[in-house]
């Protein structure tokens, strides 16, 4: 083991001691950003090489979350805006996502997967594969429940929630006037992609960018944010532990 690895191991153990007994987030959202930038910085010609390395990092992240006792994880893998990328770049990325989700759903894995996004905007073979992976993991409870955000946009989610609420009310025979009198935030929350789950306590974004870009717009109203100045393929366990330390040191006010 080289000196760098020794120092890394010592620092990791030190962080673990400081985290012992501190508050932990129940739900963590992660914006896995910077794959293409990392590939460019590393000299790769194909930006999808960054996505491939990033996919491997996601598997590590989920193991770290399980070790930390985090029950819910939301991973933003593909936005609705990303679907406008050139086919030469988009098609390999979609295959990488499909392969990753298939691996996460494989027998012996502990995670319950849930697809969150507008699957109807995805190519049908991918949408079918994602739903099959979700169904394969029904009943798993040994690891975190993992939301896979593919074809996801925060504004689209709110629109879909309102549309679902309106359809539900119409099926019950109610009028728009009646709904307008009673509608509140809970009604809309019950129709979000993440319905039935706690809102994220902590949202992590890599690559140094400090904006949400539409990620969990509704659910993150009271979230704590942590922006890591590393691209996603470089995100290490100590970076994750630093995010948990930052969260533990904050006094949450929930908008007060």
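When every residue of region 100-107 is checked against the conditions, none turns out to be without any contact (Cβ under 8 Å) to a residue 40 or more places away in the chain, under 23 Å from residue 241 (Cα atoms) and surrounded by fewer than 16 Cβ atoms within 10 Å (Cβ to Cβ).
Filtering 234, 190, 134, 168 for residues that are within 20 Å of residue 59 (Cβ to Cβ) and without any contact (Cβ under 8 Å) to a residue 60 or more places away in the chain leaves a single hit, 134. When residue 60 is tested against (1) loosely packed, with under 14 Cβ neighbours inside 10 Å; (2) more than 16 Å from residue 239 (Cβ to Cβ); (3) in contact (Cβ under 8 Å) with a residue 40 or more places away in the chain, just one condition goes unmet, and that condition is (2).
Matching residues to (1) touching a residue at least 24 places away in the same chain (Cβ under 8 Å); (2) in a strand (DSSP E or B); (3) surrounded by 14 or more Cβ atoms within 10 Å (Cβ to Cβ):
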position: 114; (1), (2), (3): yes, yes, yes
position: 130; (1), (2), (3): yes, no, yes
position: 141; (1), (2), (3): yes, no, no
position: 149; (1), (2), (3): yes, yes, yes
position: 159; (1), (2), (3): no, no, no
position: 164; (1), (2), (3): yes, no, yes
position: 177; (1), (2), (3): no, no, no
position: 194; (1), (2), (3): yes, no, yes
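Tally time: how many residues in region 41-52 are surrounded by 14 or more Cβ atoms within 10 Å (Cβ to Cβ) and either modelled with pLDDT of 95 or more or under 25 Å from the mean Cα position of the chain (by Cα) (or both)?
If we filter region 41-52 for residues that are surrounded by 14 or more Cβ atoms within 10 Å (Cβ to Cβ), which is where we start, we get 44, 47-52.
Of the ones still in play, those that are also either modelled with pLDDT of 95 or more or under 25 Å from the mean Cα position of the chain (by Cα) (or both) are 47-52.
Qualifying residue count, region 41-52: 6.
Tell me, yes or no, whether region 27-34 has at least one residue that is exposed (fewer than 12 other Cβ atoms within 10 Å of the Cβ) and either at pLDDT below 95 or not in a helix (DSSP H, G or I) (or both). Break it down into steps so the answer makes sense when it comes.
Narrowing region 27-34 to residues exposed (fewer than 12 other Cβ atoms within 10 Å of the Cβ): none.
The answer is no, given that none of the residues of region 27-34 is exposed (fewer than 12 other Cβ atoms within 10 Å of the Cβ) and either at pLDDT below 95 or not in a helix (DSSP H, G or I) (or both).
Within region 215-251, the set of residues being out of contact with any strand residue (DSSP E or B) (no Cβ under 7 Å at 6 or more places or on another chain) and outside any helix (DSSP H, G or I) comprises 217, 218, 229, 230, 231, 235, 236, 249, 251. Within region 204-235, the set of residues being closer than 17 Å to residue 25 by Cβ, surrounded by fewer than 16 Cβ atoms within 10 Å (Cβ to Cβ) and under 15 Å from the mean Cα position of the chain (by Cα) is empty. Looking at (1) modelled with pLDDT of 95 or more; (2) part of a loop (DSSP other than H, G, I, E, B); (3) at negative phi, which is the only condition residue 207 fails? Condition (3) is where residue 207 drops out.
The values are calculated or read from the model by the stated rules, or taken from the named source; none is laboratory data. Just so you know, these numbers come straight off a predicted model, no measurement behind them. Cβ: placed from backbone, ideal geometry, glycine included. Neighbour counts: every protein chain shown.
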